[in-house]
Amino acid sequence: MSIEAKITTVLITGASTGIGATYADRFAKRGHNLILVARNGARLEEVAARLRKETGVTVDIIVADLTKSADLAKVETRLRDDKDIGILLNNAGAAAHGGFETSTADAQENLIALNITALTRLSAAVIPRYLAQGQGAIVNIASVVALAPELQLGMYGATKAYVLHYSQALHVELGARGVYVQAVLPAATRTEIWERSGRDVNEINGVMEVGELVDAALVGFDRAEVITIPPLPDAAQWETFNTARQAMLPNLAQEHAAKRYQA
Ligand SMILES: NC(=O)C1=CN([C@@H]2O[C@H](COP(=O)(O)OP(=O)(O)OC[C@H]3O[C@@H](n4cnc5c(N)ncnc54)[C@H](OP(=O)(O)O)[C@@H]3O)[C@@H](O)[C@H]2O)C=CC1
Ligand SMILES: N[C@@H](C=O)C(=O)O
């Protein structure tokens, strides 16, 4: 049975616009009931009303600021208690303009709260139930910047590297026990994230339209890929990178420092 055939409701964070709203559209058209989460209730309701009308699926909304622990707790409770939720889509995220020199400690902490803490707590809320049910999916929206500190995106890039590692670690531990984990690594995609972080998307080359990004990510989902990189033409490049990393692993457990470090 495919991942999807076993699954009914999809909970999507950051579903009021952009990548999250587009996933909501696609999953509704596939017949899934939805729970949409974001801060802007009016925009969420607009997305929900359109999808109810166009597709007939049930769409609930939860208005929540995922950087606020009381709001986050509401979503965690729903994930723990609602046995119909079979896909958690951790999409809500924010970027920040520039690197470490210009960003404050508070701004960096805020990015960590949304891009790391919320995603981690929501996953932690749902995993015990998935394991008890023997099935469930977690889709985490990372970014190609997880692989590219050279882009100098400061804490944003670091949070996305966390999302990539975290997703791989979840897969290693839970994959064989019925929990499907996918990390999606989009590159620049035309959404509001650019304006929200003080950048002009029109100044960037190679920007993907959001519908194309989400449709490609869903091809990866349907193939049960763990890592999906929609813009990467040659999958062998990722495989080579990952294989080189894995080849190091047996060499890392040593009683003594490597010769090159011995004085
Ligand atoms: N667009 C791009 O170029 C790329 C995006 N990504 C990642 O994709 C994901 C989606 O981004 P994208 O669609 O582009 O961004 P948008 O800014 O268009 O959408 C972000 C969504 O997250 C919600 N959100 C933001 N802050 C909070 C918060 N504190 N609590 C709850 N919800 C929040 C927003 O809704 P509201 O304001 O109503 O709360 C909105 O629905 C992010 O994780 C981003 O890092 C990755 C690579 C490239
Ligand atoms: N959101 C983009 C950068 O800020 C990205 O992840 O590529």
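Tabulated data
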item: Count of segment 194-211 residues which are of a type outside the set (Asp, Glu), in a helix (DSSP H, G or I), more than 19 Å from the chain's Cα centre (by Cα) and surrounded by 10 or more Cβ atoms within 10 Å (Cβ to Cβ); result: 1
item: Pair list, Cβ under 8 Å, 6 or more apart: segment 176-195 residue at positive phi, other residue more than 11 Å from ligand 1 (Cβ to nearest atom) and modelled with pLDDT of 95 or more; result: Gly178/Tyr130; Gly178/Leu131; Gly178/Gln133; Gly178/Gly134; Gly178/Gln135; Gly178/Gly136
item: Residues of segment 130-154 satisfying the condition of being more than 20 Å from Val226 (Cα to Cα), among the aliphatic types (A, V, I, L, M) and away from ligand 2 (no atom under 11 Å from the Cβ); result: Ala132
item: Residue count for segment 34-71, restricted to those that are buried (at least 22 other Cβ atoms within 10 Å of the Cβ), near ligand 1 (Cβ under 9 Å from one of its atoms) and touching a residue at least 40 places away in the same chain (Cβ under 8 Å); result: 3
item: Total residues in segment 16-37, condition at positive phi and away from ligand 2 (no atom under 16 Å from the Cβ); result: 1
item: Set Ala169, Ala183: member being within 12 Å of ligand 1 (Cβ to nearest atom), among the hydrophobic types (A, V, I, L, M, F, W, C) and under 15 Å from the mean Cα position of the chain (by Cα); result: Ala183
item: Pair list, Cβ under 6 Å, 6 or more apart: segment 92-115 residue under 23 Å from Ala73 (Cβ atoms) and small (Gly, Ala, Ser), other residue surrounded by 15 or more Cβ atoms within 10 Å (Cβ to Cβ) and modelled with pLDDT of 95 or more; result: Ala92/Thr13; Ala92/Gly14; Ala92/Leu66; Gly93/Asn115; Ala94/Leu114; Ala113/Thr67
item: Qualifying residue in segment 41-62 (condition: on the phi > 0 side of the Ramachandran plot and at pLDDT 95 or above); result: yes
item: Residue identified as modelled with pLDDT of 95 or more and either surrounded by 15 or more Cβ atoms within 10 Å (Cβ to Cβ) or assigned to a strand (DSSP E or B) (or both) among Ala247, Ala216; result: Ala216
item: The one condition in (1) at pLDDT 95 or above; (2) over 13 Å from the mean Cα position of the chain (by Cα) that Thr228 fails to fulfil; result: (2)
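The values are calculated or read from the model by the stated rules, or taken from the named source; none is laboratory data. Here the structure is a predicted model, which means the values were calculated and not measured. Cβ sites come from the backbone with ideal geometry, for glycine too, and all protein chains shown count toward neighbours.
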